[in-house]
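Read the figures in this text as sums done on the coordinates, not as results from a lab. Values in this document were obtained by computation on a predicted structure and should not be read as measured data. Every residue, glycine as well, gets a Cβ built from its backbone with ideal geometry; the counts of neighbours run over all protein chains shown.
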Amino acid sequence: MPKPLPDPFDPEELPSLARKVIKEAKFPMLATIDGDQARLRPVSPVRVDGFTIYVANLQGYHKTAQIAANPNVELCYLSQRHDQVRITGAAHPLGENEQSLINEIWEENPLLRQYLGSSSNPDLIIYRIVPEQVRFMREWALEYSEVPL
């Protein structure tokens, strides 16, 4: 059986290819560190701004303590065609001085409003995951391409 070959692409297309995977996949997996153990779970971003991803969270969730102890995280998006985008960076909670951004995100997300009642709910945390590295891989390529930031 011949080895499958990935669809070719022009390296200039990398940013748009990666954004397409992010848009299509919608629900990435978020990896955090829990002591010396990696933890992985699906998340639902509440805003995507290029390769900066915003994820809502609650104070009581395990990832809250994990991110507080080590903000280094990775998001992995997988499209239906099995193309991947991996965003490596740090997750930082939006601060009180960013309430206008929190309010914008709040207004864009009916589920937040339905479950949390107010954008100033003390249980709500919105993390901004700022990319340090973005990588793209076509299905069957078996190697990542660096996406310019």
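Any idea what the alpha-carbon Rg over 2.2 N^0.38 Å comes to for the chain? Working shown, then result.
Values: Rg = 16.7 Å, N = 149, 2.2 N^0.38 = 14.7 Å.
In units of the 2.2 N^0.38 Å rule of thumb, it is 1.13.
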Please list, in chain and number order, the residues 5+ apart from residue 139 or on another chain whose amide H is under 5 Å from its amide H, with Hs placed from the backbone.
83, 84
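Round to the nearest 0.05 the FRET efficiency obtained for residue 92 and residue 144 when R0 = 30 Å and r is the Cβ-Cβ distance.
Working: r = 25 Å, r/R0 = 0.82.
Given R0 = 30 Å and the Cβ-Cβ separation, E is 0.75.
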For a quick check: with amide H placed at 1.01 Å from N, whose amide H comes under 5 Å from residue 46's, ignoring anything fewer than 5 positions away on the same chain?
54, 55, 56
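Do any trypsin sites (Lys or Arg not before Pro) in the range 1-37 lie in a loop, going by DSSP, with at most 13 other beta-carbon atoms within 10 Å of their beta carbon, and if so which? Spell out each step's value before the answer.
Numbers: sites: 19, 20, 23, 26; in loops: 26.
For trypsin sites (Lys or Arg not before Pro) across the range 1-37 that sit outside H, G, I, E and B with at most 13 neighbouring Cβ atoms in 10 Å, the list reads 26.
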If one takes the longest principal axis of the Cα atoms in the chain, at what angle in degrees, from 0 to 90 and to the nearest 10, does the Cα axis of helix 14-25 lie?
60
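With runs of 4+ DSSP H residues as the only contributors, calculate the mean residue ellipticity of the chain at 222 nm using -39,500 (n - 2.57) per run, divided by the residue total and rounded to the nearest 500. Please list the in-between numbers first.
Working: 4 runs with 37 residues, N = 149.
Helix-only estimate at 222 nm: -7000 deg cm²/dmol.
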Candidate aspartates and glutamates for bridging to residue 26, where Cα separation is under 14 Å - those fewer than 8 sequence places away on the same chain excluded:
49, 83
Taking the chain as the reference, fit the longest principal axis to its C-alpha atoms, fit the long axis of helix 99-108 to the helix C-alpha atoms, and give the angle between the two in degrees, 0 to 90, nearest 10.
70
Once the in-chain neighbours fewer than 8 apart are removed, the aspartates and glutamates whose Cα is under 15 Å from residue 63 read 34, 36, 74, 123
